[in-house]
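Working notes for the structure below.
The values are calculated or read from the model by the stated rules, or taken from the named source; none is laboratory data. Being a predicted model, the structure only gives us computed values, none of them experimental. Every residue, glycine as well, gets a Cβ built from its backbone with ideal geometry; the counts of neighbours run over all protein chains shown. Accessible surface areas use protein heavy atoms only, side chains included; no ligands, DNA or RNA. Shrake-Rupley method; radii C 1.70, N 1.55, O 1.52, S 1.80 Å.
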Amino acid sequence: AFPFEIEISSGDVGGPSGGLMFSLGLYDTLTPGDLTGGRTIAGTGTIDPSGEVGGIGGIADKVIGAERAGASVFLVPKQNMAELRDVDTGDMRLIPVASFDEAVRALEAL
């Protein structure tokens, strides 16, 4: 229970694959500082109550779309990294993550 109301308007985004990014967005809003450092950060992955990040389908399309949209970093579920071996990501950096905490540490280290 939060001491305030939370409303997420996800537009056309549906399904569990946005779990990691929604979680990071809430974390960034509720903590001091800017987790993104002004960068355009993209990513995907399910998230369970313990903070573990799960793989998703269609990872190559999501990565290509993020690169075309100008993202500089893409957080990838570790289970999906092998699928991206032959995907051209241009200058966009792929960061494999297995947990929410790992994703936060990776962004803080940028």
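Descriptive notes on the structure:
- Residue in region 84-100 that is closer than 16 Å to Ser23 by Cα and part of a helix (DSSP H, G or I) present: yes
- The set of residues in region 1-56 that are open to solvent by 70 Å² or more (accessible area, probe 1.4 Å), more than 22 Å from Ala98 (Cβ to Cβ) and at pLDDT 90 or above comprises Pro32, Asp34, Thr40.
- For region 64-77, a residue qualifies if it is farther than 18 Å from Thr36 by Cβ and crowded, with 16+ Cβ neighbours inside 10 Å, and the qualifying residues are Ile64, Pro77.
- Verdict on Ala42 being on the phi < 0 side of the Ramachandran plot, in contact with an Asp or Glu (Cβ under 9 Å, 6 or more places away or on another chain) and among the hydrophobic types (A, V, I, L, M, F, W, C): yes
- Of everything in region 78-97 that is hydrophobic (A, V, I, L, M, F, W, C), open to solvent by 20 Å² or more (accessible area, probe 1.4 Å) and touching a strand residue (DSSP E or B) at 6+ places or on another chain (Cβ under 6 Å), the residue that is farthest from Gly38 (Cα to Cα) is Met81.
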